[in-house]
Amino acid sequence: MKTDHPGTSDEARLKVGQILNRILVDENMLATTTRDYYWNATGPQSRNLRQQLGEQVKDIERWLDEVAERAGTIGIGVQGNWLTLVKSTRSSAHPGIGLGADKMLSELLALHEELILQLRTDSDVCAQRLNDADTADVLTGLMKQHEMTAEKLRSELGGKPNRNPLISFNPSFV
């Protein structure tokens, strides 16, 4: 699916598409983890936690649509197949069963922080190397959304810095 994308070579457009599809994988993993924690929230904080996580899932789904729309705008297909998503994810988190609220929030904070780092890198690559300022703007806006969510999570955790060794990130996939 090719469209006219003035000022961007076909090779650059395909590389931008790869970046967007990787971001979609990461966002889908975050949405799935957030939904898992929503379903598995228990204890005295469960009502508030579910409300917060439910809002986050809706936000992430909106972000997914924005990234997918950008891919469509530049004429790139979107990888939405579940098997492709599972095989391609760069991050992981513990399942929600049995996790306390603070652990769930800490793991989500780590995932948002990893996405912030990746989005910053990807935005720079799109703007500087691939001559696609529009995609860079989309990614920068998404990064800002993750920054705001991370700040809310930090606040919920009492402002403690996140250093969760249980979450892994594989930047070699980039």
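When Thr73, Thr149, Thr140, Thr34 are sorted by how many other C-beta atoms sit within 10 angstrom of their C-beta, beginning with the fewest, the order is Thr73, Thr140, Thr149, Thr34. Applying 0.36 nm per residue to the separation of Asp102 and Ala133 and subtracting their alpha-carbon distance, the gain on full extension is 7.4 nm. A crude spin-label estimate for the pair Arg47 and Lys152, with each label 7 Å from Cα along the Cβ direction, gives 1.9 nm. Taking a ≥ b ≥ c as the square roots of the eigenvalues of the Cα gyration tensor, an a/c ratio of 1.5 or more together with a/b larger than b/c marks the stretch 7-143 as prolate. Note on Asp10/Thr84: beta-carbon distance plugged into 1/(1 + (r/R0)^6) with R0 of 25 Å gives a FRET efficiency of 0.65.
No lab work stands behind these numbers, since they all come straight from the coordinates. None of these values were measured; they are calculated from a predicted model. Note that each Cβ is placed from the backbone with ideal geometry, even for glycine, and that neighbours are counted across all protein chains shown.
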